[in-house]
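Engineer: A single structure is presented below for examination.
Derivation of every value follows stated rules applied to the coordinates shown; laboratory data play no part. This is a predicted model, so every value here is computed, not measured. Counting neighbours? That spans all protein chains shown, and the Cβs are built from the backbone with ideal geometry, glycine included.
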Amino acid sequence: MLALYRVQKENKHVVTRLINMCDASSAHSRSHGMPKYLIEQQAVSLGIKILQPVSDFKAYETVFKEAIITLKKQGVTGGVFGDIYLQVHRDWIERVCKEMDIEPIFPLWKNNTNDLLHEFVNNGFKSIVVSVNNDLLPQSWLGREINNVFTDDILPLQGIDPCAENGEYHSFVFDGPIFNKPVAFSRGQEFFKDNHWFLNLQ
């Protein structure tokens, strides 16, 4: 979300579409476990059309490329990615974008993650932690809002990236300076799956 915010603020590119890769066996996003309809409501509040392709892990790249083909037909020439420092993931993105002849844009690349977290909070974004890696953070972090208290608590932790670049947690952004209105949701049950704690949002 911060990458989108920066690109829109810089005003060099016009973001006309969003992509959210979804799980083939459920009505949820692949990486965050978020219900597709909440991601759709997020896009509505942002005022940007969204494409939500469905894929299993094996077909992920193929389906992603098919989505890019669809967007290219609609005039899209590049993609914005929120990666910060994981070179392996950037290499994959750059390879795929090169093969699809689109420009990869990395607004947050090599930025200090402490600074990025402060920037996110100070600009008025509101987000809730919806999953945590049980090896890296305890269940008590689940459901916390990412605010100044969250920042004060997570920055001193050793071996934990405050922006969760290593998968420490995932979050759902429900309001901020580029939202037309907050995304309405309710908190459901917490559950454990694949060594992660999840908060079911509804």
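Engineer: Kindly indicate which of Phe64, Phe81, Phe57 is of a type in the set (Phe, Trp, Tyr) and free of Cβ contacts under 8 Å to residues at least 40 places away in the same chain. Give the steps one after another, and end with the answer.
Structural biologist: Numbers: Phe64 fails: free of Cβ contacts under 8 Å to residues at least 40 places away in the same chain; Phe81 fails: free of Cβ contacts under 8 Å to residues at least 40 places away in the same chain.
Testing whether each residue is of a type in the set (Phe, Trp, Tyr) and free of Cβ contacts under 8 Å to residues at least 40 places away in the same chain leaves just Phe57.
Engineer: Leu136 is checked against (1) within 14 Å of Arg6 (Cβ to Cβ); (2) part of a loop (DSSP other than H, G, I, E, B) and fails just one. What number does that condition carry?
Structural biologist: Of everything listed in (1) within 14 Å of Arg6 (Cβ to Cβ); (2) part of a loop (DSSP other than H, G, I, E, B), Leu136 misses just condition (1).
Engineer: Sticking with this structure for a sec: Do the conditions hold for Ile178, that is, is it among the hydrophobic types (A, V, I, L, M, F, W, C) and without any contact (Cβ under 8 Å) to a residue 40 or more places away in the chain?
Structural biologist: Values: among the hydrophobic types (A, V, I, L, M, F, W, C): yes; without any contact (Cβ under 8 Å) to a residue 40 or more places away in the chain: no.
No: the conditions fail for Ile178.
Engineer: A follow-up question, please. Evaluate the stretch 151-163: report whether one residue or more is part of a loop (DSSP other than H, G, I, E, B), surrounded by 12 or more Cβ atoms within 10 Å (Cβ to Cβ) and without any contact (Cβ under 8 Å) to a residue 24 or more places away in the chain.
Structural biologist: Here is the first cut: in the stretch 151-163, the residues part of a loop (DSSP other than H, G, I, E, B) are 155-163.
Pick out the ones that are also surrounded by 12 or more Cβ atoms within 10 Å (Cβ to Cβ) and you get 155, 157, 160-163.
Of the ones still in play, those that are also without any contact (Cβ under 8 Å) to a residue 24 or more places away in the chain are 157.
Looking for residues that are part of a loop (DSSP other than H, G, I, E, B), surrounded by 12 or more Cβ atoms within 10 Å (Cβ to Cβ) and without any contact (Cβ under 8 Å) to a residue 24 or more places away in the chain, one finds at least one in the stretch 151-163, hence yes.
Engineer: Let me ask another. With respect to the numbered conditions (1) surrounded by fewer than 13 Cβ atoms within 10 Å (Cβ to Cβ); (2) in contact with a Lys or Arg (Cβ under 9 Å, 6 or more places away or on another chain); (3) free of Cβ contacts under 8 Å to residues at least 40 places away in the same chain, which one is the sole condition not fulfilled by Asp23?
Structural biologist: Condition not satisfied by Asp23: (1).
Engineer: Of the residues Val173, Val121, Val96, which single one is buried (at least 16 other Cβ atoms within 10 Å of the Cβ), under 21 Å from Val15 (Cα atoms) and over 15 Å from the mean Cα position of the chain (by Cα)? Spell out how you get there, then give the answer.
Structural biologist: Numbers: Val173 fails: over 15 Å from the mean Cα position of the chain (by Cα); Val121 fails: under 21 Å from Val15 (Cα atoms).
So the residue among Val173, Val121, Val96 that is buried (at least 16 other Cβ atoms within 10 Å of the Cβ), under 21 Å from Val15 (Cα atoms) and over 15 Å from the mean Cα position of the chain (by Cα) is Val96.
Engineer: A further question follows. Among the residues of the stretch 176-189, write down those that are surrounded by fewer than 15 Cβ atoms within 10 Å (Cβ to Cβ) and either aliphatic (A, V, I, L, M) or part of a strand (DSSP E or B) (or both). Lay out the reasoning, then the answer.
Structural biologist: Of all residues in the stretch 176-189, those surrounded by fewer than 15 Cβ atoms within 10 Å (Cβ to Cβ) come to 177, 180-182, 184, 186-189.
Selection gives Ala184, Arg187, Gly188, Gln189.
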